[in-house]
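Encoded as structure tokens, the structure appears first; notes follow it.
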Amino acid sequence: MIPKKLAIEANVKNLKVLEHEKKNILQRAEKDRKVAEALAQKFSGVTCTIARRIGEQDKLFGSITTKDIQESLLEQKLDVDRKGIIMDEPIKALGEFPVKIKLHAGVTVEIKVIVVAEP
């Protein structure tokens with residue numbers, strides 16, 4: 001494995017380099033988590049109101065997806081990755097729905113999505 005550079009010899013120098021790399025990775029992860037927690041503070045109390053056309057019995061034409069929620073958040077100057085928006089299934093009715101947003105591993109916030117009839 002060593003000739004193919006799939007492994008290195010476990011000597012004192014290589015172990016110190018490995019420990020230093022581990023420490024740097026942990027520091028970066030902690031910094032990213034703190035940034036995500038600060039961003040979570042901005043999401044507290046956020047409500048997305050989305051207007052859609054409705055048909056009979058207050059059913060939507062189409063549905064509300066993660067893309068629609070992302071666009072609504074961008075209008076409020078809150079940038080979030082669409083893949084981080086967690087929905088069990090698209091919203092297909094009028095009303096108020098809780099939606100979770102994963103900002104970082106272990107940092108999740110919940111926002112309200114309100115779907116109203118288009119005037």
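Cut-off under 20 Å on the C-alpha distance; same-chain residues fewer than 8 positions from Lys13 excluded. Which aspartates and glutamates are left, in chain and number order?
Excluding near neighbours in sequence, the set is Glu21.
Report the trypsin sites (Lys or Arg not before Pro) located in the stretch 1-64 that are in a DSSP loop and have at most 14 other Cβ atoms inside 10 Å of their Cβ, or state none. Before the final figure, lay out each step's value.
Numbers: sites: Lys4, Lys5, Lys13, Lys16, Lys22, Lys23, Arg28, Lys31, Arg33, Lys34, Lys42, Arg52, Arg53, Lys59; in loops: Lys4, Lys5, Arg53.
Taking the stretch 1-64 and a limit of 14 other Cβ atoms within 10 Å, the loop trypsin sites (Lys or Arg not before Pro) found are Lys4, Lys5, Arg53.
Using a cut-off of 24 Å between alpha-carbon atoms, which lysines can reach Lys102, once sequence neighbours fewer than 8 places away in the same chain are excluded?
Lys31, Lys34, Lys42, Lys67, Lys77, Lys83, Lys92, Lys112
Would you mind estimating how fast the chain diffuses translationally, via Stokes-Einstein at 37 °C and 0.692 mPa s with the Kirkwood radius over Cα pairs, in µm²/s?
Details: Rh = 17.5 Å.
Estimated via Stokes-Einstein, D reaches 188 µm²/s.
Which of the GluC sites (Glu not before Pro) found in the stretch 1-99 are loop residues per DSSP with 10 or fewer other Cβ atoms within 10 Å of their Cβ?
Details: sites: Glu9, Glu19, Glu21, Glu30, Glu37, Glu56, Glu71, Glu75, Glu96; in loops: Glu9.
Here the sparse-neighbourhood loop sites are Glu9.
Label the stretch 53-119 by shape, choosing from rounded, prolate and oblate, from the square roots a ≥ b ≥ c of the eigenvalues of the Cα gyration tensor; if a/c is under 1.5 it is rounded, and otherwise prolate applies when a/b is larger than b/c, oblate when it is not. Walk me through the numbers on the way to the answer.
On the way: a/c = 2.51, a/b = 1.93, b/c = 1.30.
Verdict is prolate for the stretch 53-119.
Kindly work out what percent of the DSSP beta bridges joining two residues of the chain are antiparallel, to the nearest 5.
On the way: 14 of 20 bridges.
Here the share of antiparallel DSSP bridges comes out near 70 percent.
Using Cα pairs closer than 8 Å and at least 6 residues apart in sequence, work out the relative contact order for the stretch 1-97, in percent.
20
Values in this text are rule-based calculations from the coordinates and carry no lab data. From a predicted model like this one, the values you see are computed outputs, not experimental measurements. Cβ sites come from the backbone with ideal geometry, for glycine too, and all protein chains shown count toward neighbours.
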